[in-house]
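Written below as structure tokens is the structure these notes are about.
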There are 2 protein chains.
Amino acid sequence: MPVNKQIHLDNRPEGEATASNFKLVTAETPALADNQVLVRHHFLSLDPYMRGRMNDSKSYAASQPVGHVFQGGTVGEVVESKNAKYKVGDKVVGFGGWQEYSVVDASQPGSLKKVDTTHVPLSHYLGAVGMPGVTAWYGLVKIIAPKEGDTVVITAASGAVGSAFGALAKARGCRVVGIAGGPDKCKYVTDELGFDACIDYRQHPDVRSMSAALKEACPKGIDGYFENVGGYIFDAVLLRCNAFARIALCGMIAGYDGAPLPLANPSLILINRLKIEGFIVSEHMEVWPEALAELGALVGSGKLRPRETIAQGIEAAPEAFLGLLKGKNFGKQLVKLI
Amino acid sequence: MPVNKQIHLDNRPEGEATASNFKLVTAETPALADNQVLVRHHFLSLDPYMRGRMNDSKSYAASQPVGHVFQGGTVGEVVESKNAKYKVGDKVVGFGGWQEYSVVDASQPGSLKKVDTTHVPLSHYLGAVGMPGVTAWYGLVKIIAPKEGDTVVITAASGAVGSAFGALAKARGCRVVGIAGGPDKCKYVTDELGFDACIDYRQHPDVRSMSAALKEACPKGIDGYFENVGGYIFDAVLLRCNAFARIALCGMIAGYDGAPLPLANPSLILINRLKIEGFIVSEHMEVWPEALAELGALVGSGKLRPRETIAQGIEAAPEAFLGLLKGKNFGKQLVKLI
């Protein structure tokens, strides 16, 4: 059996997460039982939600257990199979975690899904045509529910969720405004992802300045907002929301480390009769087929060309993840294992 | 024509509202034009939302103009009519403002409504069977949308909105927990209004203590919350919300004066996938008939017996209003003019 390098969560962070929270472990892959398949991972997905799971506190997802393989989405290839529905060579998406191989009981519903790589590169099933894409779709379609001509705003616009959000919102006739860090990302967001405008938050490091930038970028105000950062940007957006604006809340990276970030003026929720809804896309599996069909078509037709940042080798996963939390990635952050 | 004593907004408050913001003015009532009626007010309604309208800042309602009659709901009797649909002696509810008489163009839709005082005392059309009652109904039925057995919580439980909310929620099989100030109000909320429990916020003046009290009063967590106070109570409730809890937000008294009150930990909205929705009941006129029918039946059958605090004479309106903002009233605050 192949040797299987793994990254475990070794201990929980106190404050900021660091590389010392992780540990490289070498394991053997066990012999397969009936219905199991052995998947060789081609790519690991790195996602902001994983930071929340490193804490022991009450969170939307169960905590990542200490001393076990760090959990996360994976794409790969079946290299051995004792399940009649999967044969060697099948490309699959699953939740194999930070390791080179996983053994999966493929008879369990939802454990593994075969994917078609004719028009969509395998790695995109972890991004635009995977969980981040469906996250964007759910927030936009089910919570913001924009009308043509609405102005919608998203933070982390150059990332996996942001890029899908932009394409989906443009397809619905919205004015789409992104927020991202640095001129390169902003240029990418407007020139390649097709957003109408992008605000560099590094140029607008406080509520007043960000609020002014939003006013300029959103001359008709904000009708929908996809919140995944938190902190002063959320405060600034609330100041620019139109009456009856809808806010989809899915991830507050800025608050994962250390103390919670307050919301400065919640009375704006009343003043503008806002609707704010938190969601986790894994709790809405019923929308995945519809969302993935639209996202796959956008990628297949070239209307959505998401960028990827790829780290090489399992050993690189912790540092790449810590960089993601600091916004060092450009587009979807992956780890390539082959 | 009768002399008409009025209270005007004389100047806007800086920080806390005071009696010096108001001014007593004596006016003549003009001769009626076609379609107009002259209403003698029996009761003025005093409501927390009026504080927000005293400010010049952007708010959900247009600002109260300085130098004009202070606006608000009224019930009274037609004493003169040039409108075929109204005759002298009709009891009516309207928006006549803080004055003894109002001249109303009754041909304008929504300007005046005849009411039946057979089973419902006239004053209740400003409370349980009026705007506050419909406010409770909308927040409970349209936003919280409780299932039987859900636990729902409301602040200012002894007030006009709170008492209606309690009766409506009990009728839907909920566990209803109130929050009120002082042992007398709490006893009234449980013993007379039929709430399952009531927490005295004066005994729990910080987040930690309030959160512990909520844990005890809501052993199964909180599924729905009607927010009309803001500040640390909102923070404490968020700590006790179950996944997918719904929060109706209508009024944040604690923040009307001076600086906005922050929300300590908005990431709880994501962690528990909450839905928070701000609303103003006057924007949902389509629900009023259904809501008023249910509220009228609850009052008529004696299941909802709201208490009233009644100030006497137009001159008493400003002080009674300032007392309301400090929670000095017990139930619906009115001013009686006859």
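The values are calculated or read from the model by the stated rules, or taken from the named source; none is laboratory data. Remember, it's a predicted structure, so these values are computed and weren't measured experimentally. We place every Cβ from the backbone using ideal geometry, glycine too, and count neighbours over all the protein chains shown.
Which condition number in (1) surrounded by 15 or more Cβ atoms within 10 Å (Cβ to Cβ); (2) in contact with a strand residue (DSSP E or B) (Cβ under 9 Å, 6 or more places away or on another chain) is the one that B:ARG51 fails?
Answer for B:ARG51: the failing condition is (2).
With respect to A:ALA248, determine if the residue is touching a helix residue (DSSP H, G or I) at 6+ places or on another chain (Cβ under 6 Å), at pLDDT 95 or above, of a type outside the set (Phe, Trp, Tyr) and under 23 Å from B:ALA264 (Cβ atoms).
The answer is yes for A:ALA248.
What's the number of the only condition in (1) more than 22 Å from A:ILE247 (Cβ to Cβ); (2) at pLDDT below 95 that B:GLY313 fails to meet?
The single condition B:GLY313 does not satisfy is (2).
So, in the range B:200-234, how many residues would count as being in a helix (DSSP H, G or I), among the basic types (Lys, Arg) and within 15 Å of B:ALA245 (Cβ to Cβ)?
Adding up the residues that qualify gives 1.
Just to be sure, is B:VAL229 within 14 Å of chain A (Cβ to nearest Cβ), touching a residue at least 24 places away in the same chain (Cβ under 8 Å), in contact with a Gly (Cβ under 9 Å, 6 or more places away or on another chain) and crowded, with 19+ Cβ neighbours inside 10 Å?
Judged against the criteria, B:VAL229 is a match.
Only one residue in A:SER123, A:SER111 is farther than 17 Å from A:ASN242 by Cα, touching an Asp or Glu at 6+ places or on another chain (Cβ under 7 Å) and either assigned by TED's automatic domain parsing to the domain that holds A:CYS241 or buried (at least 18 other Cβ atoms within 10 Å of the Cβ) (or both). Which one?
None of the other options fit; the residue is A:SER123.
Taking B:ARG208 as the residue in question, decide whether it is at pLDDT 95 or above, closer than 30 Å to B:GLU14 by Cβ and either surrounded by fewer than 19 Cβ atoms within 10 Å (Cβ to Cβ) or away from chain A (no Cβ under 13 Å) (or both).
no
Could you tell me whether any residue of the range A:58-74 is in a strand (DSSP E or B) and under 18 Å from A:VAL335 (Cα atoms)?
Yes, there is a match, as at least one residue in the range A:58-74 is in a strand (DSSP E or B) and under 18 Å from A:VAL335 (Cα atoms).
Being of a type outside the set (A, V, I, L, M, F, W, C) and surrounded by 14 or more Cβ atoms within 10 Å (Cβ to Cβ) is the filter; apply it to the range B:12-26 and report the residue that is nearest to B:GLU315 (Cα to Cα).
B:LYS23
Taking A:CYS241, is it crowded, with 24+ Cβ neighbours inside 10 Å, in contact (Cβ under 8 Å) with a residue 12 or more places away in the chain and in contact with a Ser or Thr (Cβ under 7 Å, 6 or more places away or on another chain)?
The answer is no for A:CYS241.
Can you tell me which residue among B:ALA33, B:ALA145, B:ALA106 is more than 20 Å from B:VAL335 (Cα to Cα) and within 14 Å of chain A (Cβ to nearest Cβ)?
Unique residue meeting the criteria: B:ALA145.
I need a count of the residues in the range B:283-338 that are among the basic types (Lys, Arg) and surrounded by 14 or more Cβ atoms within 10 Å (Cβ to Cβ).
Number of matching residues: 4.
Confirm whether B:GLU294 is among the charged types (D, E, K, R) and in the same structural domain as B:LYS114 (by TED's automatic domain parsing).
Judged against the criteria, B:GLU294 is not a match.
Please work out which residue is farthest from the chain's Cα centre (by Cα), limiting yourself to the range B:273-282 and to residues that are more than 12 Å from B:GLY139 (Cβ to Cβ) and either crowded, with 22+ Cβ neighbours inside 10 Å or facing chain A (nearest Cβ under 7 Å) (or both).
Ranking the candidates gives B:ARG273 first.
Can you spot a residue in the range A:251-271 that is within 25 Å of B:VAL281 (Cβ to Cβ), surrounded by 18 or more Cβ atoms within 10 Å (Cβ to Cβ), at the interface with chain B (Cβ under 10 Å from one of its Cβ atoms) and at pLDDT 95 or above?
No, the conditions are met nowhere in the range A:251-271.
A:ASP191 is checked against (1) surrounded by fewer than 18 Cβ atoms within 10 Å (Cβ to Cβ); (2) within 22 Å of the chain's Cα centre (by Cα); (3) within 14 Å of chain B (Cβ to nearest Cβ); (4) charged (D, E, K, R) and fails just one. What number does that condition carry?
With (1) surrounded by fewer than 18 Cβ atoms within 10 Å (Cβ to Cβ); (2) within 22 Å of the chain's Cα centre (by Cα); (3) within 14 Å of chain B (Cβ to nearest Cβ); (4) charged (D, E, K, R) applied to A:ASP191, the lone miss is (3).
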